[in-house]
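Trainee: Below is a structure I'd like to ask you about.
The values are calculated or read from the model by the stated rules, or taken from the named source; none is laboratory data. If you're wondering where the values come from, they're calculated on a predicted model, not measured in any experiment. Heads up, the Cβs are rebuilt from the backbone with ideal geometry, glycines too, and the neighbour counts pull from every protein chain shown. In case anyone asks, the SASA skips ligands and DNA or RNA and just uses the protein heavy atoms, side chains included. Shrake-Rupley method; radii C 1.70, N 1.55, O 1.52, S 1.80 Å.
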Amino acid sequence: MDVNNANFRYLLPDIIDSIESSSFVAIDLELSGIHKTFGPRNTPLNRKQNLEERYQEVKAAAERFQVLQFGLCAVSYDEILESYICRPFNFFVNPNSDTKFGLDREYVVQASAIGFLLESGFDFNATYSSGIRYMSCSEEQYVVERENRAAQEPKEDIHIDDASQQFVKDFIAEIQEWVDDPNPAFDFVNISTMGQGVNSYQKRLIHQVVRKTFPHLQTMGRPTFVQVIRTDPAAEKMKRDERRARFDLDLQRAIGLRHVIDALFASKKPLVGHNIFTDLINLYECFIGTLPDTSKEFAHILHRDFPIVIDTKFIATCDVETAGYSSNLQGIWDLLSTQEYPAIELDIGYTRYATSRLAHEAGYDSYNTAQILVRLVGRYHAYLTRHLETKSDDPETMAIKKLLDFLHRLDRFPLADHRIDMPKRVPSLDLPFWKDFINKLRVNGTLEGLWLLEGY
């Protein structure tokens, strides 16, 4: 389902409910650029990076590039239908922020990345014309702290120039006369100039001088004058409360797409991605704030926020022999798409991808990632069950080998493999069954080749 600026508020409750009621959530990002690996400085180009060097490289790229599209697919299991039900959402991310908060982002566009997205049919106009704005956690903190200071501290005084000295004397005298009158005609006095009103500089002077000279009075700006009234504590409090209410409302609107990210983090649902290492770093930099200095610190934060992270690329290359094999998202799905079980369906109202193949659209790729997880693990479960029944030595290792043989065709598997009984449901994600697959992220091109999240 496409989610844009026009329908975002209407769909937000449904999106949050989909996350909260899901068994797991798959994500995907499209970016304005990606990191380029040229090897560490002053080292041979054919020397592999270590994991920390790769983290620093991707982190630096995430600080420069922008998330252009965010895909999320919430997946739940329907006991009656005996099928996994998918709700994919595709969000265009508008990097512009609300001007009232004074935020203005700068980001870099990588020509090769943009060219690739254009070839894939990416609509860049939609990013700005109908994309959803957002405010990151760190930006929200900055804006709230600034508002708190503004509410507690008066504006900095401005200089009274020579041309305005008489203007100031005149309105002070006018206010003093009104204050001294025991029976004034009105319970206010309006400060203006003869037939011309007051400009913004003069308004600022009136507010400033009254605040210092008549602390028991308050000022209210009007289009062509400033009105001075006696202080009413109740009215003052109401005024402050109204200002804060307007600010809070504007802030919630400005947070925008991050409401979805907040719901994702709050849910602590198992998080699934294909080659998710890069997406996670960009997700945090864009929507949360400054990334930690080291990969170890980031792994600690990530494991705290998402106790279970699954990389389908790792599952598809989970031994030494296949670690460096080609394992692109669409290629794996092409192999698994004819597999009947576990059954996967798009929920009613979420059928945009039922007949459309939109590779490199974030919503579509998140949906494919979810399907791959279910079918991959379903196949592994079938192999494991068979080896357990035949009491094979080390059935888990044998099942993994069989799965990788199927994916990468390392040898010719017997015809009986085509008649293997696939399960209708994979085991719950909190069971030991998953121990070989969770919190292990494939990072190709590094010495370690793998990023482990548990134990930090």
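Trainee: Could you please report the charge total around S295, scoring K, R as +1 and D, E as -1 over all other residues with beta-carbon less than 12 angstrom from its beta-carbon?
Mentor: Combined, the nearby Lys, Arg, Asp and Glu give -3.
Trainee: Compute and list, largest first, the equivalent-ellipsoid semi-axes of region 1-145 from the alpha carbon gyration tensor, each √(5λ) rounded to a whole angstrom.
Mentor: Listed largest to smallest, the semi-axes of region 1-145 are 31, 23, 17 Å.
Trainee: Now, a different point. Per residue, how large is the accessible surface of the chain? Use a 1.4 angstrom probe and give square angstrom.
Mentor: 51 Å²
Trainee: Could you report the accessible area of R253 in Å², rounded to 10, computed with a 1.4 Å probe on the protein chains as they sit in the structure?
Mentor: For R253, solvent-accessible area is about 130 Å².
Trainee: Shifting gears a bit: Set the Förster distance to 22 Å, then compute FRET efficiency between E63 and D305 from the Cβ-Cβ distance, nearest 0.05.
Mentor: 0.65
Trainee: Need one number: nm distance between label points at A235 and T294, each 7 Å from Cα along Cα→Cβ, rounded to one decimal.
Mentor: 6.0 nm
Trainee: Grab the Cα-Cα distance for D421 and K155, subtract it from 0.36 nm times how many residues apart they are, and report the gain in nm with one decimal.
Mentor: 88.4 nm
Trainee: Would you list the P(r) distribution for the chain, with all Cα-Cα distances sorted into 10 Å bins from 0 and each bin expressed as a whole %?
Mentor: Bin by bin from 0 Å, the calculated values are 4, 17, 23, 19, 12, 9, 8, 5, 3, 1, 0.
Trainee: For S192, what accessible area in Å² do you get when you roll a 1.4 Å probe over the heavy atoms of the protein chains, rounding to the nearest 10?
Mentor: 50 Å²
Trainee: Follow-up question, since we're still on this one. How many angstrom lie between the Cα centre of region 158-231 and the Cα centre of region 319-342?
Mentor: Measuring centre to centre over Cα atoms gives 75 Å.
Trainee: Scattering from the C-alpha atoms of region 136-254 alone, worked out with Debye: what is log10 I(q)/I(0) at q = 0.12, 0.20 1/Å?
Mentor: One equal scatterer on each Cα of region 136-254 leads to -0.55, -1.17.
Trainee: Label S356 and R243 with points 7 Å out from Cα along Cα→Cβ: what is the distance between them in nm?
Mentor: Calculated label separation equals 4.7 nm.
Trainee: Right, here's the next one. Can you show me the helix-derived [θ] at 222 nm for the chain, built from DSSP H runs with n ≥ 4 at -39,500 (n - 2.57) apiece and divided by the number of residues, rounded to the nearest 500.
Mentor: Roughly -14000 deg cm²/dmol at 222 nm, from the helical runs in the chain.
Trainee: To continue, here is another question. Between N148 and R9, what is the spin-label point distance in nm, taking each point 7 Å from the Cα along the Cα→C-beta axis?
Mentor: Placing both labels 7 Å along Cα→Cβ, they lie 2.7 nm apart.
Trainee: Continuing with the same structure: Distance between the C-alpha centers of region 356-410 and region 249-306? Whole Å please.
Mentor: First find each Cα centre; the distance between them is then 27 Å.
Trainee: To continue, here is another question. Sorted by accessible area (1.4 Å probe), largest first, how do C73, C137 line up?
Mentor: Largest accessible area first, the residues go C137, C73.
Trainee: So, one more: Could you please put R246, R149 in sequence from largest to smallest accessible area, using a 1.4 Å probe?
Mentor: Sorted by accessible area, descending: R246, R149.
Trainee: Using a 1.4 angstrom probe on the protein heavy atoms only, could you order R352, R105, R258 from most to least accessible area?
Mentor: Final ranking, largest accessible area leading: R352, R105, R258.
Trainee: Which FRET efficiency, nearest 0.05, do L103 and N125 yield, Cβ-Cβ r, R0 22 Å?
Mentor: About 0.45, to the nearest 0.05.
Trainee: OK, next. Amide H neighbours of V309 under 5 Å, at least 5 residues apart or on other chains, H built in the peptide plane: list them.
Mentor: L271, N439
Trainee: Considering only protein heavy atoms and a 1.4 Å probe, what is the carbon-and-sulfur percentage of the accessible area of the chain?
Mentor: Ligands and nucleic acids excluded, carbon and sulfur reach 52 percent.
Trainee: Quote the relative contact order of region 136-254 in percent (integer), defining contacts as alpha-carbon pairs under 8 Å separated by 6+ residues.
Mentor: It comes to 22 percent, rounded to a whole number.
Trainee: Excluding ligands and nucleic acids, what accessible area in Å² is computed for E389 using a 1.4 Å probe, to the nearest 10?
Mentor: 140 Å²
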